[in-house]
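Before we start, here is the structure in question, set down as structure tokens.
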Amino acid sequence: MPLSWDIWQERQQQGMNRSNALLTMELYANKNYGDSAIIKGDVFASRRKEVYPTGLKQFDAALGVGGIPAGNIIEIHGLENTGKTSLALHIVKSFQKRNKKILYVDADRALCIEYMAMCGVTERNIYMLNMDTLEDTFQAIRTLIPVFDLIVIDTLSAIPTKEETAQTGQYLEVQNKSAKILSNEWAHIKHELARYNSTMIVINQMREKVGILWGNPLFALGGRALKAYSTISICMRYMGAEKRQGDIIGQGARADIEKNKCAAPYRSAEITILYGKGMI
């Protein structure tokens, strides 16, 4: 049954009212909350984030976008001696090649300039941040996000809270406050990273639960908030020693992409770490 003239006019008026309301709301939101408060889909699609290739062809292919996407949190976790720091330094090298500024949080206090040089990292455009507590570290990071293109935290679990620092030697009596503190920090940090198109690499140490008879005994410190807010989560695994004429010259590693919001997850990349030369 065809629509009457009155009904047709009413529906046209409703459509015009919606268009006018949307335009008014768009102008109001952009005026009061910033130019990007409301943007159209075609404008959003045109704002593609920059991608930094690492030079590791298999790893870049596993990421699905050809490298590290800017403006995101990238988590690298795994057991000790699996190549987490080596991968982070390799990413630092790729940012340095593009003349980007890097902030490195050496929470382990184990990084040395000789090892950085072996991985191809130079002293140019890299700054080291050394804070004593988790609260001070993240307060400094929030302030410095607009300044740096890449921020690396190595390792997250090595940064104690103020309460833990005050009660050294009594860790069994102190509840782990890291998870609660970090759950409040990640949302704000991710918003600021996207705003300034900065990237954060977070290295997290895996630990093993004692007495677990079934299920996965490995867990990451700091709670689940990091994995929830990270765009890409990478698990590094040791794949054995690399030998030449009976001498150990390096080790094999596998990078498993356990979470990926930019492309398909659950891909893997085989990486070779040559001692004194870095990753290939």
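Scan (1) assigned to a helix (DSSP H, G or I); (2) at pLDDT below 75; (3) closer than 26 Å to Lys101 by Cα for the single condition Arg48 breaks and write down its number.
The number of the failed condition is (1).
On the given criteria, is Ala88 outside any loop (DSSP other than H, G, I, E, B) and buried (at least 22 other Cβ atoms within 10 Å of the Cβ)? It would help to see each step written out before you state the result.
On the way: outside any loop (DSSP other than H, G, I, E, B): yes; buried (at least 22 other Cβ atoms within 10 Å of the Cβ): yes.
The answer is yes for Ala88.
Here is a further query. I'd like the full set of residues that are out of contact with any helix residue (DSSP H, G or I) (no Cβ under 9 Å at 6 or more places or on another chain), closer than 24 Å to Leu193 by Cα and either β-branched (Val, Ile, Thr) or without any contact (Cβ under 8 Å) to a residue 40 or more places away in the chain (or both), limited to the stretch 96-129.
Residues satisfying the conditions are Gln96, Lys97, Asn99, Met128.
Which condition does Ala166 not pass, out of (1) modelled with pLDDT under 90; (2) over 26 Å from Lys277 (Cα atoms); (3) surrounded by 16 or more Cβ atoms within 10 Å (Cβ to Cβ), if it passes all the others?
Exception for Ala166: condition (3).
Can you tell me which residue among Ala253, Ala264, Ala228 is in a helix (DSSP H, G or I) and either modelled with pLDDT of 95 or more or surrounded by fewer than 18 Cβ atoms within 10 Å (Cβ to Cβ) (or both)? Steps first, please.
Details: Ala253 fails: in a helix (DSSP H, G or I); Ala264 fails: in a helix (DSSP H, G or I).
Step by step, each of Ala253, Ala264, Ala228 is checked, and only Ala228 is in a helix (DSSP H, G or I) and either modelled with pLDDT of 95 or more or surrounded by fewer than 18 Cβ atoms within 10 Å (Cβ to Cβ) (or both).
Which of the residues that make up the stretch 229-252 are among the β-branched types (Val, Ile, Thr), under 25 Å from Phe219 (Cβ atoms) and out of contact with any Cys (no Cβ under 8 Å at 6 or more places or on another chain)? Give the steps one after another, and end with the answer.
If we filter the stretch 229-252 for residues that are among the β-branched types (Val, Ile, Thr), which is where we start, we get 231-232, 234, 248-249.
Among the residues that remain, those that are also under 25 Å from Phe219 (Cβ atoms) are: 231-232, 234.
Passing the criteria: only Ile234.
Look at the stretch 24-71 and say how many of its residues are small (Gly, Ala, Ser) and within 15 Å of the chain's Cα centre (by Cα).
We begin by selecting, within the stretch 24-71, every residue small (Gly, Ala, Ser); these are 29, 34, 36-37, 41, 45-46, 55, 61-62, 64, 66-67, 70-71.
Imposing the further condition that a residue be within 15 Å of the chain's Cα centre (by Cα) reduces the set to 67, 70-71.
Number of matching residues: 3.
Results for (1) without any contact (Cβ under 8 Å) to a residue 60 or more places away in the chain; (2) closer than 21 Å to Lys277 by Cα, shown as yes or no for each residue.
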position	(1), (2)
Asn17	yes, no
Leu22	yes, no
Val43	yes, no
Gly66	yes, no
Pro69	no, no
Glu80	no, yes
His90	no, yes
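What number goes with the only condition from (1) in a loop (DSSP other than H, G, I, E, B); (2) surrounded by fewer than 19 Cβ atoms within 10 Å (Cβ to Cβ) that Val121 does not pass?
(2)
The values are calculated or read from the model by the stated rules, or taken from the named source; none is laboratory data. The model shown is predicted, which means the values in this text are computed figures rather than measured ones. A quick note on method: Cβ atoms are made from the backbone with ideal geometry, for glycine too, and the neighbour counts reach across all protein chains shown.
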